[in-house]
Structure formats: structure tokens, C-alpha cells
1. If you take the square roots of the eigenvalues of the alpha-carbon gyration tensor of segment 116-191 and sort them as a ≥ b ≥ c, do you get rounded (a/c under 1.5), prolate (a/b over b/c) or oblate?
2. For P(r) over Cα pairs in 20 Å bins from 0, in percent, several values are listed as (1) 13, 38, 27, 12, 7, 2, 0; (2) 17, 51, 29, 3; (3) 12, 24, 17, 9, 7, 10, 12, 7, 1, 0; flag the one computed from this structure.
3. Can you grab the distance from the C-alpha centre of segment 296-324 to the C-alpha centre of segment 54-120, Å, no decimals?
4. Given the -39500 (n - 2.57) contribution per DSSP H run of 4+ residues, what per-residue ellipticity at 222 nm results for the chain, rounded to the nearest 500 deg cm²/dmol?
5. Leaving out ligands, DNA and RNA, what percent of the accessible area of segment 609-726 is carbon and sulfur, probe 1.4 Å?
6. May I ask you to derive the relative contact order of the chain, considering only C-alpha pairs under 8 Å and at least 6 residues apart, and to give it as an integer percent?
7. Take peptides 424-437, 83-96, 691-704, 634-647 and line them up by average Cβ neighbours within 10 Å, highest first, as a rough protection proxy.
8. By a straight-distance test (C-alpha under 20 Å), which aspartates and glutamates pair with K229 as possible cross-link partners, with residues fewer than eight away in the same chain excluded?
Amino acid sequence: MRIVVVGAVLAISGCAKEPAQEPAPEPSRQDAAEDSRVSSTSLGELPLVPGLSVAGTFAQKLEQPTPLGETTAVNVKLLPPANRLLADSLVRVVGDPARPTVLFHSDTLARLGAIPSSPGPDFFTLFAQLPDSELERRQENERRLASGELGVTTRETVLFNGRHPVARYEGLPVDAAAFGWGEQVPVTICPLLPASTQPRWERTLMIRDPAVVLDPARTWDPCTGAGTKGGVWTFAHLMREMAQGSGARPEAFVLNWLSLWLNDFQSNGDTVPARRKMYDEVIAPWAAASGATSSLEFNASTNRWEVVLSKPLDLDIAPFRLLSIVNRIDLASSWDYADRQTDPGELRFIFGLTRPSPWGSGGTEATCNLKPFTVIFEYGVPGEGCSPVVAWARQWALLGTYSSFNAAYKAQLTQMTQSVVLRGRAPGKGNANALNQIRTNEAALAFPWELREFRLADENPVTGKDKPSNGFLRVHTMALTPDDATHDSQTDPDIDSFVRTQVKNGVEQPVTVPTRCTAQFTVPRTFNGRPFLGANSLVASPTHWEGFSVVPTNATEVCARKEFSVNTCNGCHFKDTGTNDFSGTDNLAFTHVSPTSGIPARLSRFLTGGGPGFMFAVPDAQFGSAVASWSFADLLRRHQRLQELANCTTCGWVRGLDTGYLARMEALAGSVPLDVPPGSPEPALTVGPIRDVGVVKKLLELRQDFRTQPREVPLDFLQPPAARVH
């Protein structure tokens, strides 16, 4: 049986209103600057496409298990390789070369008799162990959804290209009987999903209701003094757990972190000026409320500014107010596209800075003096493998079935958050704490807005790879964001070159602006012999990143510019996501969760799309809407990913192969078809295609000599993630 899949579904008639080959006339820079119109439109306006056309993974039971005990051929429609030399290779190698995943051209395997049939010429195959119980579990989940047990459902799913909604489709039921007969079974989203509604978002993704963020048993409000000091959702609790194992008391741990703003620092060649208003706006008022005298003094022996306190800060009255608890299971990564196993994504706590008057005693919202300063604790949820991801997703999905934020809801959420934030939950990380990073976004200390990042890890000054380490929080370079002090956002030749070479090479082909535009790339520490990654990120200056030579009539270059810029901190918090739109009630001042709007905190339309059922269109930051407008509805995207993981994910066991296998491959074929994202370090292996069917046959036979322990992964684990770090 041969299935012809419409891989380029985004180019289906009606989905792309303008083909990439016929772009709009080039606008002037003035036109682009003036074109700041943003709007929300109905998702119902998106074209409806067949469910089978979006299937990128097919499972097929083998007639006999392989010598490694694998029972299933998993046929995957891989993205075209970033390295164009590998376009006609019969073998593809993806992921970390130290534990690679090797896939074989499906048509070739069918001709060799290694698999019963192929879905088509664009597919590659890996082998897995797929227990019958997995398909039975999927069928049971479909039955529960159809029964209404999990609430109101919908048959329609929105197809996202990266983070952009582009079409609508209906998922397909799994056919366990057909799989048992050896048929190719598409692995797609369920035919029914819980409906995407504001209450579900509020309970499962972005929890900001006063019943939670001002819960008197678990939070403490520095504006009013109400609540429980040191409660499980307070700044104090999170910092106390983080400080254990650091060798310092929690109060000293926090003061050391705050003191990182008091002096200039340098990372990867980027010198970041101090913001000593940290003392005036945060440390001194906090010390006074703690009953301590304080001073900021210059230490001539260390050549540094230091805080002197008569007694420690009182963590229980920290001036950081909980704004939201955030589920980022959509960041769950697969070990083949990152240097780690499949994990359950991140759990985040967002706090806003306050300077209440009177301090924590009878204050009100009006006297709270909310500051433009957010602090985000971003934890990597412990767990490796498909089953922990599914289990974590189910817990969140269950929260969506509660009708209110009652005692049972909050007890369940407490159990979930404590399972992540308590010390010892991540033995291999700094201070045995699950923290990935703390990010800050503020203009309370100076203008323009500035973002910084801190980790419990030492960053290698050459490779940039982190080494988890106990002790204090340390400054870290910003993810995917260049140094905006030495690289001008509009005229820098390195930015222009990087966008038009590295990122452009990673753009998925064929590209159609704006409906088919994604790119795989990484931002290196250095580029063209100069430091590239920055140690901080300013917002409003720059507002986004441009490639000054990008041709607006070249769809691939337009896509590359957008993909690069929207994944930086600057672009994500300003012009690329429309967070600079100050019309109406959307004045969020470069944050997606406002620290100054009160409780509940206001959300950006990048997140909400304008509300359930809507998407938010943002003109291209460099060229304006005459070339493209990019649509967002990120909470809908996160909702669908959560429900997909909770109800529709099928887990299998895949054997990796060690580096010895790649060495043998190189000896047999003269090269290894290793495809790594542009911007990655140059591999030590000779990279090139394999076109000889005889070599493919030998490589199949050699697999059993280089096997590693099987890893549990979702069957669709090779599909690239829609979101990266933001």
C-alpha cells in the first residue's frame, strides 16, 4: 500500500493567498515603519484541509521482529535537510552525534523487503518496539473524549506552522485492527479534543485568577500583607528551596543575586552596564521593611559596589507578587533535536515587583505602586521518556475539568508544583534544584527595558555548554539573542550575513510567506570571528532584528529574517509579536504578562489571539503588511499541544546507536549524512550523502553490533517543536 501525503499542506489552494514566487512590491522603510496595524480575526476564516494531509508519521507492524526485537516501522516525513548536499541521501542521521538517530529512506527499505510498504518518497524509517497496550490506551482515550467525560469537545483542530495558525483540520482515529493487519496507520491528533476556552486556559496553561495567585494559604501579597508568609507559591519558598546546597543562607543567596545588578559584568565579550537603582528600588526598601539599616558602598579592594546590611533581608516580605503559574509543556523536547531526552517541558512562576505603601500592612491595589519589573522562575520538569511527559500532561488536563478554583483544584496544583520546585528533584543540576533559568524583564531600574538571564550553572567560555554547579545564581548569555551593544539591529553585517546564510539554510522548503515559514537553526557564541550571543537584551532599542540585504521579494529570506528575530528576546517582546501595540487596553509595555495591570494580570494578544476563536495578525517587523502579516494564537497552540500529549500521544521504544556506528558508516560510505541545524559546531565526521543501496543494506545489518539501551519516546518525536525558548 502506498499513501500519498500532502506534505506541503500549507500550499493547498486557499491556504496561501500569495505564492512565494509572486510577492508584493517592495515597500519603502518609511512604509514599513508606518504600517503598525494589528488586528484579530476569526480562526474560522482559515481554510479547511483533510486530516490525512497533515499526517507526518505512520506506524506499520512488521511481519517479523528485527534482530533487535523491534516490532514496528515508524515512517516519518522529515523536513528537507538543512545541508542541501544530503537532499538525495538514502540515509539521514539526526540529533546529537554522540547518540544519533539513524533513519533509512522508506522507498529503499520497501525495495529491500525490510518493511512491508512505504508511505511515499519523502519518508524515512526508524524501527521501534510498540506495545499493543499503547494503541489500546489511545483508543480508550478517544472513547472517553467522545463520551463527554472530559467536558465539551470539538472535532476541529487548528494547524500551526511553527507558532502561526494556518489551516483547520479534523484529527483521525487510531485503527488498532488495521495496525494488527500490517496496514500503515497515521499517527495524528485525536478526532476529538477538549474545546479551547478561556476557562481551560486559565486552569491548565496560564493560571492568574485571584483565587490562586492571592490564595491566602499559599501566597503572600506584599501589597496588603494578606496571606501566608513563606507559602508554597511565594518568592520566599522558591528561593529557600533553591538556596539549599549553595553553601549560603537563603537571605545571602538572594542578596548575592540582587547584587549582580550593582556592577558592570561581562560575558562572551558583552559588557553590560550596572543598574544600581536595584539598590534604591528593591534592596533598600526591602531592608527598611526588614528592620535593617543599609548602605551601598564602594569597596576599593575589590573595585566593586557592595551592599552593607545591619541584618539579613526578611524573605517572607519579599516585594515580589505572584502574577501567574504557567504550564509550558509545549516546550517538551525530544532528545534527537536537543542534547537531552524527552522531557515534560517547563513549569514557570511569574512575579511582579511592588513597592507598597504602607509596606505589607493595610495597603490596597491603588497604593501598591506596581513596578515594571517581572521575575520568571523557569523550572525544567523532572522526568525522562514519553510516559512521564504523558503523565504530566494528564495532570494538567485534569485540572481543566474542575468547574472552579476550589480546594481540590488547589491541592492538586500544589502537589504538582511541589513535585518540581523542592530541593532534590533534580539531583544532576545545580543545588539539586530543577531550575533551568531565572529571567528578568524590567524598566524599573533604568530605561530601556532590559532582560537578563541567570542559571545555577557555569557556562563554558568557548563552547557555551553549561556545567551544572552548586552555589549562587550566575549571569548567563541570552538564549538565541545577539549582543545588541556591538551588533546594530538594522545595519550590522554579521546579522545580515547570519540571516541570509545560516538561518536561510535552515528554512523549511518549499516556503510560502506567510503560511509556510519555519527554520531550524541555533545562534552560536561567535560568528565571523566575533562574539555574537549577548549577555543581556534591550527592548525598545532594538525593537527587532533586520537583515539589511534581505530581499522582500525572496520568500526564503523574508522567512529567515522573521524566524531569527521572533526567537530573540528583543523581537519576542516587541515588534515581531505586536507587543509594541499600545492601542486600547493592550498597553503591556514589552511584557506578555503585565506586572502593572493588577490582578488578574493582563495578557498580550500574542498569547490570546484576541480571545478564544481568534488569531492576532502582526505586520512583518521589517517590511510591513505589504509583504506579510504573521498570525499568533499561542494559548490555543499550547492548549492543543497539552491535550495532544494527554490524550493522543503514542509511546514506543527506540534504540539509539553509538558513535562507533557512525565511524563504521564513514568507513563504508566515505561520509556520514549528519544533518545538524545551521549555526551548530562543525562535526568531526566527514558529512555527505549515501546513495548506494548496497551500503544501506550493510548498515541495516550492522545496527545490532552498535545498539544502545532503548529510549522511550513519542512516535512523532522527530517532528520539530513549534516553540523554542520563549
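The values are calculated or read from the model by the stated rules, or taken from the named source; none is laboratory data. What you are looking at is a predicted structure, and each value in this text was computed from that prediction instead of being measured. Counting neighbours? That spans all protein chains shown, and the Cβs are built from the backbone with ideal geometry, glycine included. Quick note on the areas: whole protein, heavy atoms, side chains included, nothing else; ligands and nucleic acids left out. Shrake-Rupley method; radii C 1.70, N 1.55, O 1.52, S 1.80 Å.
1. Numbers: a/c = 2.42, a/b = 1.18, b/c = 2.05.
Judged from the Cα gyration tensor, segment 116-191 comes out oblate (a/c at least 1.5, b/c at or above a/b).
2. Looking at P(r) over Cα pairs in 20 Å bins from 0, in percent for this model, the match is (2).
3. Rounded to whole Å, the Cα centres lie 56 Å apart.
4. Numbers: 18 runs with 159 residues, N = 726.
Theoretical 222 nm ellipticity from helices: -6000 deg cm²/dmol.
5. Values: 2050 of 4180 Å².
Carbon and sulfur atoms account for 49 percent of the accessible area of segment 609-726.
6. Values: 1677 pairs, mean separation 140.9, N = 726.
Once divided by the residue count of the chain, the mean separation gives 19 percent.
7. Values: 424-437: 20.3, 83-96: 18.4, 691-704: 15.1, 634-647: 24.4.
So the peptides 424-437, 83-96, 691-704, 634-647, ranked by packing, come out 634-647, 424-437, 83-96, 691-704.
8. D209, D215, D221, E241, E251, D314, D316, E365
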